[in-house]
1. Measuring from centroid to centroid over Cα atoms, what is the spacing of the stretch 134-149 and the stretch 398-464 in Å?
2. Work from the charge dipole of the chain (Cβ charges, +1 for Lys and Arg, -1 for Asp and Glu, about the Cα centre) and give the residue of 438, 278, 213 farthest towards its positive end.
3. Check residue 416: other-chain or 5+ apart residues with amide H under 5 Å from its amide H, H built from backbone geometry?
4. What is the gain in length, in nm to one decimal, between residue 118 and residue 373 on full extension, counting 0.36 nm per residue of separation less the C-alpha to C-alpha distance?
5. What ratio of Cα Rg to 2.2 N^0.38 Å holds for the stretch 16-461?
6. Residue by residue, what Karplus-based ³J(HN,Hα) values in Hz, rounded to whole numbers, does the stretch 92-99 have, using 6.51, -1.76 and 1.60 with θ = phi - 60° and x for Gly and Pro?
7. Using the beta-carbon distance between residue 47 and residue 423 and R0 = 56 Å, what value does 1/(1 + (r/R0)^6) give for FRET efficiency, to the nearest 0.05?
8. Figure the gain on full extension for residue 396 and residue 89 (residue separation times 0.36 nm, minus the Cα-Cα span) and round it to one decimal in nm.
Amino acid sequence: MIAIDGKEDDFTTGSIRRAIFLLSVPMVLEMGMEAIFAVVDIFFVSRVSTKAVATVGLTESVLMIVYSIAIGLSMAATAIVARRVGEKNYTKAADAAFQAILLGISLAVIIGLPGYLFADQVLAAMGGDPQLIAEGVGYTQIMFAGNISILLLFLNNAILRGAGNASVAMRALILSNSLNLILDPILIFGLGPIPAMGVTGAAIATTLGRSIGVLYQLVILLRGTSVLRLTAANVVLRIKDIAEMFKIATGGIVQFVVESLSWMFLIRIMSYFGEAAVAGYTLAFRVIVFTILPAWGMSNAAATLVGQNLGADQPDRAETSVWKSARYNMIFLGVISVIFFLFAREVMNVFDESTVVLEFGARALQIICLGYVFFAYGMVISQSFNGAGDTRTPVIINFFCFWIVQIPMAFLLSFHVDYVAGEWQIEPWLGTDGVLISIAVCHSIHALVSIYIFKKGNWKLVKV
């Protein structure tokens with residue numbers, strides 16, 4: 001297989017089904033590797049304490065902003081590199097790659113320093129008690145300090161995907177995951193002269209694993225592939241290119257910041273119901289990520305196909321690629337939703353946690369998976385907008401679905417508000433189920449709105 005062998009292919013001609021397959025297989029495996037990061041960490045951390053699991057959940061909810069920036073920059077990088085490759089302008093593709101990396105490093109420093117310095121305040125703001133903060137502040141500090149590895153891992157892989165070389169991206173994450181899998185138990189529980197570091201050890205293992213993966217990516221980019229190679233000629237600050245990159249990336253960043261902030265509100269609501277609820281939600285979320293990220297692989301394949309085919313002036317072929325990718329994604333997530341609904345408790349029993357935590361987690365899986373079929377279409381179409389360079393449309397859709405609809409819905413379903421004796425009183429109503437129902441419903445609405453707007457076809461006219 002061309003993509004697995006690490007060779008770029010021309011995805012602007014030939015069978016669309018073959019193009020989807022060649023791109024999506026390594027991308028699905030790549031996203032699967034990213035998902036394994038989450039599952040491996042939480043598997044070992046769940047054997048430390050409930051507070052450790054809750055620490056990971058609270059930290060990750062804030063780090064979603066970092067992921068949002070990484071994904072937003074990745075969208076811009078994939079869109080521009082894919083468009084230049086479709087135009088056969090490989091020098092400009094390499095120029096865009098360097099500007100993206102430079103921008104990513106700059107933003108990582110801006111985010112990492114305050115996150116490291118104020119880690120305890122971050123946990124407190126998210127509802128962590130003093131004991132949780134004392135146990136988990138090291139984890140939060142290291143994850144913020146090492147956020148550059150998150151940004152560059154996403155960004156370099158996006159550059160490689162835009163060039164049609166998804167296999168290198170996959171290999172980078174295989175390397176990172178292998179190291180994380182080895183280092184996690186050693187640093188969390190200790191081995192020989194290495195002391196047990198608890199949840200802090202998980203952060204060190206993850207950051208080291210990702211950093212080695214980034215070094216591997218940079219070696220590949222500097223050595224060069226068949227269409228993309230970074231040379232000294234590309235290492236020049238190009239303000240115009242940076243501005244173009246930032247313009248597209250801003251839309252991508254904002255759309256995911258909007259979604260991430262909504263997740264922060266949701267987990268803040270969840271924290272009202274106790275640490276067990278937060279821990280159960282965190283475990284379930286990691287399992288969900290394990291299945292959603294491979295589905296993002298299919299979505300990323302659609303984004304690359306859209307970018308390259310628009311660059312080759314073939315908008316109809318780009319649209320056909322999107323609908324076929326969405327259909328395949330729907331089949332995949334449809335199967336996963338049936339498994340989660342029927343075997344949620346068996347899936348959650350993989351984690352060594354208290355019964356009440358696992359019950360919360362199983363309930364989360366069963367409710368959220370009800371929206372999976374809709375998720376499949378929404379993910380592919382959102383990424384297709386981004387692949388075309390139209391990052392503004394998903395911002396508007398996300399803001400409407402996740403802020404105007406989801407946050408109020410989660411609160412109103414979770415709590416019952418009464419005006420008694422001259423004052424407002426808030427009491428639990430559906431409790432944690434209210435948050436979970438809002439997630440399934442609003443992501444389904446998101447998909448339907450995205451389909452409606454995509455059919456209008458304005459994304460075909462975007463210039464990059």
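1. First find each Cα centre; the distance between them is then 31 Å.
2. 213
3. 427, 429
4. Working: separation 255, 0.36 × 255 = 91.80 nm, distance 3.98 nm.
Here the answer is 87.8 nm.
5. Numbers: Rg = 21.3 Å, N = 446, 2.2 N^0.38 = 22.3 Å.
Here the Cα radius of gyration is 0.95 times the empirical estimate.
6. Per-residue couplings from phi come out as 5, 5, 5, 4, 4, 4, 5, 4 Hz.
7. Values: r = 45 Å, r/R0 = 0.80.
It comes to 0.80.
8. 107.3 nm
Read-outs: derived from the displayed coordinates by stated rules, not from any lab. Every value quoted in this text rests on a predicted model; they were computed, and no experiment measured them. Don't worry about glycine lacking a Cβ; one is built from the backbone with ideal geometry, like all the others, and counts go over all protein chains shown.
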